[in-house]
Each structure stands twice: as structure tokens, then as C-alpha cells.
1. Tell me which of these Glu93 doesn't satisfy, since it passes every other one: (1) modelled with pLDDT of 90 or more; (2) surrounded by 10 or more Cβ atoms within 10 Å (Cβ to Cβ); (3) touching a Lys or Arg at 6+ places or on another chain (Cβ under 9 Å).
2. Quick one: how many residues across region 31-60 are assigned to a helix (DSSP H, G or I) and of a type in the set (Lys, Arg)?
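The values are calculated or read from the model by the stated rules, or taken from the named source; none is laboratory data. All figures in this text were calculated on a predicted structure; none of them were measured in a lab. Every residue, glycine among them, receives a Cβ derived from its backbone with ideal geometry; neighbour counts consider all protein chains shown.
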Amino acid sequence: MNTNHARSWKQSYQYAPQREPQKVKVKVQKKNWLTKGEKVLYSVVSACIIATGIFVVSYSSSADTINRDVQKIEAKVRHQEMKNESLAYKKKEYSRPERITKIAREKGLKIQNADVKQANALEK
């Protein structure tokens, strides 16, 4: 009886219409890691950081250029000061009374018991 019952169940199960499970499409919404607002905020902050970097590099470049120009001008000033000192020394040397009287005698001037004094201009 037990075996008959198993056979009958097996036969009824084989002939029973089998239902296919219904396919249900489930829409799964993807969760973004960042929201739109965060993306905009991060984009704005990134743009500001990049702009600041460009400004800093540009500023340091222009400051470097100005420093080099200043150093060139200072070198020219030092060179000109050295020339001026050399010329001042020559002027002092050429204005010595002994030299002036010597040149005057060579040119034929006669100096009669006169003291030659150096005349200095008043500087204001």
C-alpha cells in the first residue's frame, strides 16, 4: 500500500501541470556614492584650489623677475658709483695747486710771488 501510494503520487505529480515561477522584474535603484550637491561643492572647491595654485605660481614668477631686474639695476648703480669715485679722485688730483702752477709755467705764464690756493665751490 505504501508503495502503491508512492507510485500514484509519483504519477500524479508527473502529469500535474507544473507552474513556472513568474519572472518579476525588480528595478534596483543604484545609490550614488556622492550626491549631486556634493559633486558641485567638490568641483567648486577643486576649481578654487587650482586657481589659487595658478595665482601663487604666477605671483612668485613675477616676483622673481622683479628681483632679478632689481639686482641688475643695483649692479649698474655700484658700477656707476665706482666710476664716480674714480672721477672724483682724478678731479682732486687735477686740481692740485702744484700741478696747475707746473702747467702754467710750461705754457709760458709767469707767476710772481703769488701763493696759489685751491678754491672750493660751496656745495648746497
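1. (2)
2. Residues of region 31-60 assigned to a helix (DSSP H, G or I): 36-60.
Going one step further and asking which of them are of a type in the set (Lys, Arg), we end up with 36, 39.
Of the residues in that region, 2 qualify.
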